[in-house]
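Asker: Got a structure here, written out as structure tokens. Questions coming.
What follows is calculated from the coordinates using simple rules that are stated; it is not laboratory data. Quick caveat, the model's predicted, so the values are computed rather than measured. Glycine gets a Cβ as well: all are built from the backbone with ideal geometry, and neighbour counts include every protein chain shown.
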Amino acid sequence: MLNHRVVAVLGVSMVTAFACDVEDVSETADVVVDVALDDAEEFRSGSTPNSLLKSLLVAEVRDLIDENGIEPLEPPAPVSDELFELGEALFYDKILSGNLDVSCSTCHHPRLATTDRLTMNRGVHGVGIGPDRVGAAVGGRTTQPLWNLHKLQKGLAVDHKVPLAADGYVYPLGAPFVPFDWQDEAFDPNMKAAAGQAMMPQVTDQEMLGFPGENDFTTECPQDNPPFELMLCAWGKMMERLGAIPEYVDMFEAAYPGVAFEDMHFAYAGNAIAAYEFRAFFSNDTPWDRFVGRIDPTGGLIPGDDDALSLQQLAGARRFLDPDLGNCTSCHAGNAFTDEDFHKTLQPQFGPGDTVPAGDGPGGLDDFGRMRISGDPDDKYAWRTPPLRNVMLTGPWGRQSHYNDIKDFLRHYRFPVLALLGYDITESVDEVAMHSQFLENRQAIIAEGVDPLLYTVNIGGPFALDNLVQFLHSLSDDNGADFSHLIPLSVPSGLPVDP
Ligand code: HEC
Ligand code: HEC
């Protein structure tokens, strides 16, 4: 980076006339170059030629990419077409919900970039998709997108409620709910966290299962807490439902050659759904990827293209990657933009609280974050760094959809304590129903402390912020938020697919 700083200083001192001695020139010029590289006005005013700015920025961003150890994003391990097709059917089929009213895609909809674009997720009893969904039971967290799940190998969900432990097994909610022999038999080693996760919404009452007394799962299965017996029973009944549909039996047996359907358990379904997610939601064809270089799953490495990013995106990338500027990569690390670790970033709490298995704090409306799973009080109000792929297509932003405006979300990084104290849900959240559900626990969040890394984050002034947002746009696949080509026309159960 130092080399390019020097080149930058020389470059600019050639094009800007300073009437002072040499030392001063380089110091002033360094400042000017920093401003120029970040300043959208500079791009427009043309006082530094855009071609010069661009070559400086390209060189500097390429150095920062190296320093950050960022490589072209590797594709997920290949899966067979038969496994993919089974997973696809299961992902869109409401047969996996107790009341036949919800599929995975109801909340993770391709038309909404694999989310629902709501504050809180809306599960059973509802009709419609995303902001149009009415009548549904409301959950306590925002639906997370499903891009590049092959890069999330330590665990899933914002508190890693589905962790992949060092012993190689998945422990949903910290317990061995998915029997180890099932995991050994059915889970592909590359997809274990996603396969385990894909078995949980069907046995969660508000998401897909339904409530006591509503269907044969909830009337005939024991409603114990802890719910181990309920899960095993409900998974068994789901396999019975699937086994009554000949097309599914054929699909399962084609996906797992040599295993008869009657010897399969629900982990085979979870593994197939993971295979679908890995292949369908692999995102590596964005302006950013074309700049860094792409690995085409069929054709090998396509080298980086200096023209793939706009000037503003380059300036934003520089701030994002540079430890002396944005330092975003201290948490949003690597080419999936997450360290898969937990941080206290002081976002507020609202909504009904995460009720799986029970809400936190007085009244159960709080959410203690990572501590719910780790049990460690130091993890109270710490949250997983989210991956940022397609992030501009999945707003509102934050784990509770705290901000409907990306700039407000990023401004929070400037003075997190003040931002939390000044947070006004009526301004930041469009869904009026949420406005009365703000939890006044701000002092408690602040008392748990803030991640010291946040003090190193510098989002810069208004132009720099614009550039940062443009950089985030460069992480979007080109087809806007519309991935509807992924939606199958029908599923083997014959139930309607959310269009
Ligand atoms: C009612 C809405 C809803 C349904 C239905 C639903 N999900 Fe989710 N999903 C969510 C929410 C909310 C989260 C975030 C949970 C958290 O962080 O605690 C999530 C998280 C996930 C994650 C973790 C993503 C990450 O970045 O960690 C995966 C994977 C996932 N869901 C897959 C599925 C699959 C597969 C199905 C169907 C079997 C499904 N979901 C059904 C709402 C839903
Ligand atoms: C200390 C670690 C840390 C640093 C540094 C950091 N982030 Fe984050 N980021 C997080 C965490 C944790 C969240 C989730 C917070 C929450 O929702 O409670 C997050 C959320 C986000 C989101 C919202 C994602 C979504 O899906 O809603 C964006 C956008 C974002 N960060 C961008 C940035 C940018 C740009 C920078 C640098 C200016 C940055 N972050 C620096 C940890 C960090």
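Asker: Working only with C-alpha atoms, what are the Rg and Dmax values of the stretch 388-499, expressed in angstrom?
Answerer: 18.3, 54
Asker: Then there is this: Below 22 Å Cα-Cα, how many Lys pairs turn up in the chain? Only count pairs eight or more apart in sequence, or on different chains, if you could.
Answerer: 11
Asker: Moving on to the next point. May I ask for the distance between the Cα centers of the stretch 173-206 and the stretch 111-125, given as a whole number of Å?
Answerer: A separation of 22 Å, based on Cα centres.
Asker: What's the angle, to the nearest 10 degrees (0 to 90), between helix 50-67's Cα axis and the longest principal axis of the chain?
Answerer: Around 50 degrees separate the two axes.
Asker: Using the Kirkwood radius over Cα pairs, work out the Stokes-Einstein diffusion coefficient for the chain at 25 °C and 0.890 mPa s, in µm²/s as a whole number.
Answerer: Numbers: Rh = 24.2 Å.
Taking Rh from Cα pairs, D becomes 101 µm²/s.
Asker: According to the Kirkwood expression over distinct Cα-Cα pairs, how big is the hydrodynamic radius of the stretch 129-274, in Å?
Answerer: Values: mean 1/r = 0.0613 Å⁻¹.
Value: 16.3 Å, from the Cα pair sum.
Asker: Arrange Y381, Y256 by Cβ neighbour counts within 10 Å, fewest through most, would you? Mind dumping the intermediate values first?
Answerer: On the way: Y381 25, Y256 21.
If I rank by nearby Cβ atoms, fewest first, I get Y256, Y381.
Asker: Okay, next question. By average Cβ neighbour count within 10 Å, what is the ranking of 192-205, 471-484, 44-57 from highest down?
Answerer: Highest to lowest by the protection proxy: 192-205, 471-484, 44-57.
Asker: To test your reading of the geometry: what angle, between 0 and 90 degrees and rounded to tens, separates the Cα axis of helix 246-255 from the longest principal axis of the chain?
Answerer: 50
Asker: Same structure again: When all alpha-carbon pairs of the stretch 215-337 are counted, what percent fall beyond 20 Å?
Answerer: Values: 4926 of 7503 pairs.
For the stretch 215-337, the share of Cα pairs beyond 20 Å comes to 66 percent.
Asker: Would you mind pulling out the separation of the Cα centroids of the stretch 303-320 and the stretch 437-480, in Å?
Answerer: Each part's Cα centre sits 20 Å from the other's.
Asker: Ok, one more. Restricting to DSSP loop positions (anything but H, G, I, E, B) with no more than 12 other Cβ atoms inside 10 Å of their own Cβ, which chymotrypsin sites (Phe, Trp or Tyr not before Pro) remain in the stretch 46-103?
Answerer: Numbers: sites: F84, F91, Y92; in loops: none.
In loop regions of the stretch 46-103 (DSSP not H, G, I, E or B), there are no sparsely surrounded chymotrypsin sites (Phe, Trp or Tyr not before Pro).
Asker: Taking +1 at the Cβ of each Lys and Arg and -1 at the Cβ of each Asp and Glu, which of C328, F368, Q183 sits farthest along the dipole of the chain towards its positive end, judged by Cα position relative to the Cα centre?
Answerer: The Cα lying farthest towards the positive end belongs to F368.
Asker: Sticking with this one: Work out the length of the dipole vector of the chain about its Cα centre, built from +1 on the beta-carbon of each Lys and Arg and -1 on the beta-carbon of each Asp and Glu, and round it to the nearest 20 debye.
Answerer: 700
Asker: Quick one: P(r) of the stretch 50-102 from all Cα-Cα pairs, 5 Å bins, percents rounded to integers, in order of increasing distance.
Answerer: 4, 14, 10, 10, 9, 8, 7, 8, 10, 10, 6, 2, 0
Asker: Distances over 13 Å make up what percent of all Cα-Cα pairs in the stretch 98-157? All intermediate terms of the calculation are to be shown ahead of the outcome.
Answerer: On the way: 1059 of 1770 pairs.
Roughly 60 percent, once rounded to a whole number.
Asker: On to the next question. Can you tell me how much longer the chain between A444 and N479 gets when fully stretched, taken as 0.36 nm per residue apart minus their C-alpha distance, in nm with one decimal? Walk me through the numbers on the way to the answer.
Answerer: On the way: separation 35, 0.36 × 35 = 12.60 nm, distance 4.22 nm.
The span from A444 to N479 would gain 8.4 nm if fully extended.
Asker: Also: Using unit Cβ charges (K, R positive; D, E negative) and no other charged atoms, how large, in debye to the nearest 20, is the dipole of the stretch 81-281 about its Cα centre? Write down the numbers at each step before the final one.
Answerer: On the way: 13 positive and 28 negative charges, 227 e Å.
Around 1080 debye, computed over the stretch 81-281.
Asker: Over all alpha-carbon pairs in the stretch 168-245, figure out the percentage whose distance exceeds 19 Å. Could you put the intermediate results ahead of the total?
Answerer: On the way: 1115 of 3003 pairs.
Taking all Cα-Cα pairs of the stretch 168-245, the fraction more than 19 Å apart is 37 percent.
Asker: May I ask for the angle, rounded to the nearest 10°, between helix 311-321 and the longest principal axis of the chain, with both axes built from Cα atoms and the value confined to 0 to 90°?
Answerer: The angle comes out near 70 degrees.
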